[in-house]
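The values are calculated or read from the model by the stated rules, or taken from the named source; none is laboratory data. Remember, predicted model here, so these are calculated numbers, not experimental data. Reconstructed Cβ throughout: ideal geometry from the backbone, glycine too, with neighbour counts over all protein chains shown. For accessibility, only protein heavy atoms count, side chains too; no ligands or nucleic acids. Shrake-Rupley method; radii C 1.70, N 1.55, O 1.52, S 1.80 Å.
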Amino acid sequence: MNAHVRPVDPAQPRHDWTLEEVEALFDLPFVELVFQAAQVHRRWFDPAELQLSQLLSVKTGGCPEDCGYCSQSQHFKTGTSASKLMDAEPVIAAAAEAKAGGAQRFCMGAAWRELKDRDLPKVAEMISGVKALGLETCATLGMLTPDQAQALKAAGLDYYNHNLDTGPEYYDKVVSTRTYQDRLDTLAAVREAGISTCCGGIVGMGETRRDRAGLLQALATLPAHPDSLPINDLMPIPGTPLGMSQAVDPLEFVRMIAAARIVCPKAMVRIAAGREHMSRELQALCFMAGANSIFVGGRLLTTANPDKDSDAALLAELGMKPMGAGRAAEPAA
Ligand code: SAM
Ligand code: DTB
Ligand code: SF4
């Protein structure tokens, strides 16, 4: 075994992971990595349970940021047309439908660089309406000030999604209109407002394994580990700089999930974007390696996701079930 790997104690979340240690996890024999991740998973969760989130794009396209992967950036010709912020009523109706379909958390996404105060009242109305349905609420609206984060919390926001996307060294190859520190500042505002954090990244953007380890190290050394940790497999969007990227090897995707589970043991580790092009077997391997959350409902923000029926069939085939309401990471008995 690689000399850099300290034995993993499933009962002890750590905040002092070094880049070399995270890289060494990736270098473990595949079956050893997956086994260690599965042990950690069982310490904190029932491995047959899945957390189910559903997305809605409440403001699509026309975004001033230049994230090289995104269909919604105004810098690239992608065929995604820009729309205005939706009214609260149809958003709440979509959330009710999501709940009826089995979703536990409803995530409202906006193609903004930052939330503008003028849009706060409508966004707050959406959040409180969705919360009143008995759903967990999540939003992803770009950068926030501390005051805005407090206002979203007061409206009933449970989670805020704000991804670091990749390792700090590769970040400026993907986005030039903001910095890693900008992302960290918003995450701090979210945490300080008492909102749970949803923070992860993307694989498949031409990054190295070291960059992937760098992302996980950044997440694992935050003042608090993310409560949810989405791993997106790039959905290549024609017209973006990353539209022709080579797909990541499926086993490497599983390694990313397993390493995420080990370094952030209590997080909901989500197979986020990309399930549309994943086999049942690959998803099953991800669940064995510690993934315990997915997006459901046929659509992500602007791209496709497996439909309700195929996910219901997958869960039945694997003998998995939706996670109990309000389940946070607790030590399994
Ligand atoms: N504008 C806000 C922001 O960037 O924080 C919120 C929405 S943005 C679309 C949310 C996240 O979706 C991004 O941080 C990125 O990780 C992920 N994402 C966007 N486009 C993607 C793609 N084509 N494939 C995989 N993940 C993607
Ligand atoms: C996250 O990490 N992935 C979601 C959610 N958080 C907002 C978004 C995935 C978007 C995939 C591309 C699209 O549908 O436009
Ligand atoms: Fe805008 Fe978010 Fe897309 Fe970046 S990822 S271009 S910030 S919508």
Of all residues in the range 173-204, count the ones that are closer than 22 Å to A273 by Cβ and either modelled with pLDDT under 95 or away from ligand 3 (no atom under 12 Å from the Cβ) (or both). 11
Under the condition of being charged (D, E, K, R) and more than 22 Å from T166 (Cα to Cα), which residue from the range 1-55 is modelled with the lowest pLDDT? R6
Test A247 against the stated conditions and say whether it is more than 17 Å from the chain's Cα centre (by Cα), modelled with pLDDT of 95 or more and within 16 Å of ligand 2 (Cβ to nearest atom). yes
Residue by residue through the range 155-205, note down the ones that are outside any loop (DSSP other than H, G, I, E, B), among the charged types (D, E, K, R), open to solvent by 10 Å² or more (accessible area, probe 1.4 Å) and touching a strand residue (DSSP E or B) at 6+ places or on another chain (Cβ under 7 Å). D182, R191
Quick one: count up the residues across the range 88-106 that are in contact (Cβ under 8 Å) with a residue 60 or more places away in the chain and either out of contact with any Gly (no Cβ under 8 Å at 6 or more places or on another chain) or part of a strand (DSSP E or B) (or both). 2
Can you tell me which residues in the range 108-119 are touching a helix residue (DSSP H, G or I) at 6+ places or on another chain (Cβ under 6 Å) and more than 15 Å from ligand 3 (Cβ to nearest atom)? none
For residues that are open to solvent by less than 10 Å² (accessible area, probe 1.4 Å) and assigned to a loop (DSSP other than H, G, I, E, B), tally how many sit in the range 43-66. 3
Checked A220, A260 against criteria (of a type in the set (G, A, S), in contact with a helix residue (DSSP H, G or I) (Cβ under 8 Å, 6 or more places away or on another chain), crowded, with 22+ Cβ neighbours inside 10 Å and under 21 Å from L282 (Cβ atoms)); the one match is A260
